[in-house]
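For reference, the structure is listed below as structure tokens.
The values are calculated or read from the model by the stated rules, or taken from the named source; none is laboratory data. Just so you know, these numbers come straight off a predicted model, no measurement behind them. Cβ atoms come from the backbone with ideal geometry, glycine included; neighbour counts cover every protein chain shown.
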Amino acid sequence: MWGTMMTYQLTLGSILERAGTLFPQVEIVSGKPDGTRHRYTYADFHRRARALGEALQVSGMRRGERVATLMHNHSPHLEAFFGVPAAGGVLHTVNHRLHPNDIAYILNHAEDRFLFIDDGLLPLYEQIKDRVSCEQVVVVAHTRNGFSKRYTDYEALLARAGGHFTQVSLHENEAAIMCYTSGLAGSPKGIVYSHRALALHSLAISLPDSAGIAQRDVVMPVAPMHHANAWGLPIAATMTGCKQVFPGPLAEPDTVLDLFQEEQVTLSAGVPMVWMNLLERLRQDPTRWKLAPGARAIVSGAAPPPALLRDLDRAGLRLIQAWGLIESGPLATFANLKPELTTLPEEKQYEVRATQGVPLPFIEVRADGDGGSIPTDGATLGEAQLRGPWVASSYYNLPELRGKWTEDGWFRTGDVVTIDPNGYMKLADRAKDLIRSGDDWISSVDLENTLMGHPAVKEAAVIAVPHPKWQERPLAVVVLKAGERASEEALRAFLAGQFARWQLPDAIVFSSELPHTPTGKLLKKELRKQFRNWNWDEELTTH
């Protein structure tokens, strides 16, 4: 027996029309390269996104063809998020911070026919233009400087539209947006998000027990739009009709602080480094931060230390830990407190909030150990595996990587986790980042988070370094806060209060900075390369 409900396709085009119809006077703000801000309304956005879709159709774009973007977070990028898919194309957001060789590979592998690019990024394209086959390059001009006549001006492209745009009748499982991984483990790999996946993801992250996105919110994604759709915030905010604020190309701490204060932002998103930098700036000048009541931010990309959550709470910004991957659309879990956990002691509450949280509705998580699913005891380690309506079932045009999925259809994340009796998942490490010391495992994440709880430490990384006796031993690389001091002995003593002697790093190295990926994640691969020939002092090595 079938239900009697209508068959209605969940598409980005429906969200676009809803925004233009119901929220025409709501504002969208974008930072510009000169530090000023561009402002317009959802009515303007709706008209221009439809014009973009019509102009692409007039220019010959066919259903399913890819349209790449090399752009910052701003309103023309938002127009592309909706105008391209509504016209039947597939938006392909490209990370402009990748190496030019990776960008060329990605553009070619996706077979992008059109490329939209900010004028400030044209020098990057000039490096690869002879190696890619984009038929038409469209430049979004933010300055008054001219550019080659070989390229099309974005405003001139929109002018090709005659105001007669008709959305393509799409199936919700057709492709809407593509995004590639950073290529840290082999070549970059493409994920193709369907309209249905993006719509359901938007609904899920808007729920009260996830990000709680409401029309009264002012949403500012610091997470780049080229990386997993800025974690879905621009789409969800458009769906709910929020005022949106985009930092533009100047997403520095001072700019973000100004936007928080002057635009009264209530919801943002970014990797831990974003919030660490803001907290450091706040310490230097506490008068800079005057937040809207109830301001909150999603943090993901790495496990935040509980100390960061605590310090930002005191500053008036509540961090909400979320977890996911490009392959999971991207957000799969949120770490809000269940009502029964709000009676826990404060420190225990911070420990729960620093976990990766519980799965969103319709997302299933299991942790697989050597003998199958692990017990939910909060201690046993296993690899997190996912399935759900916005989890990828394959990589784009890479059938040889089918092994990333289990035979029964779960995606292997490569993250090693525990799951406690309340269903909260805690990241222990990436599989490659666990430290094998003799017969025992050491979590680098736990050591890092504890080190970052020291008042003098800004950031810390712990890596496994080969050892002649114990196979591997932990080495910590620490960045101190400006003007602070701490000795190796003091930091080891600080750790000794929470870790067994054999779990402590055998060496602590101080550095002015740590390497990060283009999306702000800690780049341990470079640290392992840097310290691969580390000469251990046998007398200091413990176990």
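Evaluate the following for LEU398: is it touching a residue at least 24 places away in the same chain (Cβ under 8 Å), among the aliphatic types (A, V, I, L, M), crowded, with 17+ Cβ neighbours inside 10 Å and over 20 Å from SER444 (Cβ atoms)? Please lay out each step first, then the result.
On the way: touching a residue at least 24 places away in the same chain (Cβ under 8 Å): yes; among the aliphatic types (A, V, I, L, M): yes; crowded, with 17+ Cβ neighbours inside 10 Å: no; over 20 Å from SER444 (Cβ atoms): yes.
No.
Being out of contact with any Leu (no Cβ under 9 Å at 6 or more places or on another chain), of a type in the set (A, V, I, L, M, F, W, C), closer than 24 Å to PRO221 by Cβ and modelled with pLDDT under 95: is that true of LEU98 here?
Yes; evaluated as a whole, the condition is true for this residue.
Would it be correct to say that PRO33 is closer than 24 Å to PRO247 by Cα and assigned to a loop (DSSP other than H, G, I, E, B)?
On the way: closer than 24 Å to PRO247 by Cα: yes; assigned to a loop (DSSP other than H, G, I, E, B): yes.
Answer is yes for this residue.
Checking the conditions here, which among TYR424, TYR350 is closer than 14 Å to TRP323 by Cα and at pLDDT 90 or above? Before the answer, list the steps.
Working: TYR350 fails: closer than 14 Å to TRP323 by Cα.
TYR424 is the lone residue from the list that is closer than 14 Å to TRP323 by Cα and at pLDDT 90 or above.
Would the stretch 47-65 turn up any residue that is among the hydroxyl-bearing types (Ser, Thr, Tyr) and closer than 14 Å to PHE165 by Cβ?
Yes, that holds for at least one residue.
Take the residues in the stretch 227-279 that are in contact with a Ser or Thr (Cβ under 9 Å, 6 or more places away or on another chain) and part of a loop (DSSP other than H, G, I, E, B), then tell me which one is surrounded by the most Cβ atoms within 10 Å (Cβ to Cβ).
CYS242
Report, ordered by the first and then the second residue, all pairs with beta carbons closer than 7 Å, sequence separation of six or more or different chains, a first member in the stretch 115-138 that is among the basic types (Lys, Arg), and a second member that is in a helix (DSSP H, G or I).
The qualifying pairs are ARG131/ALA104.
Might you check whether a residue that is assigned to a strand (DSSP E or B) and surrounded by fewer than 23 Cβ atoms within 10 Å (Cβ to Cβ) occurs anywhere in the stretch 14-29?
Yes, the stretch 14-29 contains at least one residue that is assigned to a strand (DSSP E or B) and surrounded by fewer than 23 Cβ atoms within 10 Å (Cβ to Cβ).
Quick check on this structure: which one of VAL222, VAL245, VAL218, VAL192 is of a type in the set (Val, Ile, Thr) and over 18 Å from VAL265 (Cβ atoms)? Explain how you work it out, then say what you get.
Values: VAL222 fails: over 18 Å from VAL265 (Cβ atoms); VAL245 fails: over 18 Å from VAL265 (Cβ atoms); VAL218 fails: over 18 Å from VAL265 (Cβ atoms).
Exactly one residue qualifies, and that residue is VAL192.
Restricting attention to the stretch 303-330, and to residues there that are in a loop (DSSP other than H, G, I, E, B) and crowded, with 19+ Cβ neighbours inside 10 Å, which single residue is modelled with the lowest pLDDT?
If we take residues in the stretch 303-330 being in a loop (DSSP other than H, G, I, E, B) and crowded, with 19+ Cβ neighbours inside 10 Å, then ALA303 is modelled with the lowest pLDDT.
I'd like to check something: does the stretch 145-155 contain any residue that is in the same structural domain as ARG113 (by TED's automatic domain parsing), touching a Gly at 6+ places or on another chain (Cβ under 6 Å) and either closer than 28 Å to VAL192 by Cα or surrounded by 12 or more Cβ atoms within 10 Å (Cβ to Cβ) (or both)?
The answer is no; no qualifying residue exists.
Evaluate the stretch 397-412: report whether one residue or more is farther than 26 Å from LEU10 by Cα and under 20 Å from the mean Cα position of the chain (by Cα).
yes
Taking the condition under 22 Å from ARG310 (Cβ atoms), of a type outside the set (Ser, Thr, Tyr) and at pLDDT below 90, does ASN449 pass?
Details: under 22 Å from ARG310 (Cβ atoms): yes; of a type outside the set (Ser, Thr, Tyr): yes; at pLDDT below 90: yes.
Criteria met by ASN449.
Could you list, ordered by first residue, the pairs with Cβ atoms under 7 Å in which the first is in the stretch 331-352 and more than 26 Å from PRO389 (Cβ to Cβ) and the second is small (Gly, Ala, Ser) and modelled with pLDDT of 95 or more, at least 6 apart or interchain?
VAL352/ALA335
Conditions (1) out of contact with any strand residue (DSSP E or B) (no Cβ under 8 Å at 6 or more places or on another chain); (2) closer than 19 Å to PRO224 by Cβ; (3) among the small types (Gly, Ala, Ser), marked per residue:
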| site | (1), (2), (3) |
| --- | --- |
| MET61 | no, no, no |
| THR69 | no, yes, no |
| SER75 | no, yes, yes |
| ARG97 | yes, yes, no |
| GLU111 | no, no, no |
| LEU115 | no, yes, no |
| GLU135 | no, no, no |
| VAL138 | no, no, no |
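Go through the stretch 259-297 and give me each residue that's in contact with a Pro (Cβ under 8 Å, 6 or more places away or on another chain) and basic (Lys, Arg).
ARG281
Within the stretch 37-126, which helices (runs of 4 or more DSSP H) (wholly inside it) include 2 or more residues that are of a type in the set (S, T, N, Q) and surrounded by fewer than 23 Cβ atoms within 10 Å (Cβ to Cβ)?
Ranges flagged: 100-110.
Mind checking which residues of the stretch 332-354 are basic (Lys, Arg) and buried (at least 19 other Cβ atoms within 10 Å of the Cβ)?
Hit for the stretch 332-354 is ARG353, nothing else.
Looking only at the stretch 471-482, decide whether some residue is touching a residue at least 60 places away in the same chain (Cβ under 8 Å) and more than 21 Å from ALA303 (Cβ to Cβ).
There is at least one residue in the stretch 471-482 that is touching a residue at least 60 places away in the same chain (Cβ under 8 Å) and more than 21 Å from ALA303 (Cβ to Cβ).
I need a count of the residues in the stretch 498-509 that are within 33 Å of the chain's Cα centre (by Cα) and outside any helix (DSSP H, G or I).
8
Does the stretch 214-226 hold any residues that are part of a loop (DSSP other than H, G, I, E, B), closer than 23 Å to VAL299 by Cβ, over 17 Å from the mean Cα position of the chain (by Cα) and not basic (Lys, Arg), and which are they?
ALA214, ASP217 - these are the residues of the stretch 214-226 that are part of a loop (DSSP other than H, G, I, E, B), closer than 23 Å to VAL299 by Cβ, over 17 Å from the mean Cα position of the chain (by Cα) and not basic (Lys, Arg).
Considering each of GLU407, GLU484 in turn, give the residue that is part of a loop (DSSP other than H, G, I, E, B), acidic (Asp, Glu) and under 27 Å from ALA507 (Cβ atoms).
Step by step, each of GLU407, GLU484 is checked, and only GLU484 is part of a loop (DSSP other than H, G, I, E, B), acidic (Asp, Glu) and under 27 Å from ALA507 (Cβ atoms).
ARG412 passes all but one of (1) in contact with a helix residue (DSSP H, G or I) (Cβ under 8 Å, 6 or more places away or on another chain); (2) more than 26 Å from TRP275 (Cβ to Cβ); (3) surrounded by 19 or more Cβ atoms within 10 Å (Cβ to Cβ); which number fails?
Tallying (1) in contact with a helix residue (DSSP H, G or I) (Cβ under 8 Å, 6 or more places away or on another chain); (2) more than 26 Å from TRP275 (Cβ to Cβ); (3) surrounded by 19 or more Cβ atoms within 10 Å (Cβ to Cβ), ARG412 fails exactly one: (3).
Which residue out of THR238, THR287, THR255, THR266 is without any contact (Cβ under 8 Å) to a residue 40 or more places away in the chain and either assigned by TED's automatic domain parsing to the domain that holds CYS179 or among the polar types (S, T, N, Q) (or both)?
THR287
Residue check: is THR287 surrounded by fewer than 20 Cβ atoms within 10 Å (Cβ to Cβ), of a type in the set (Val, Ile, Thr) and part of a loop (DSSP other than H, G, I, E, B)?
no
What number of residues in the stretch 194-210 are in a loop (DSSP other than H, G, I, E, B) and touching a strand residue (DSSP E or B) at 6+ places or on another chain (Cβ under 6 Å)? Please lay out each step first, then the result.
From the stretch 194-210, those in a loop (DSSP other than H, G, I, E, B) are 206-210; that's our starting set.
In the following step, the residues that additionally are touching a strand residue (DSSP E or B) at 6+ places or on another chain (Cβ under 6 Å) were identified as 210.
Qualifying residue count for the region: 1.
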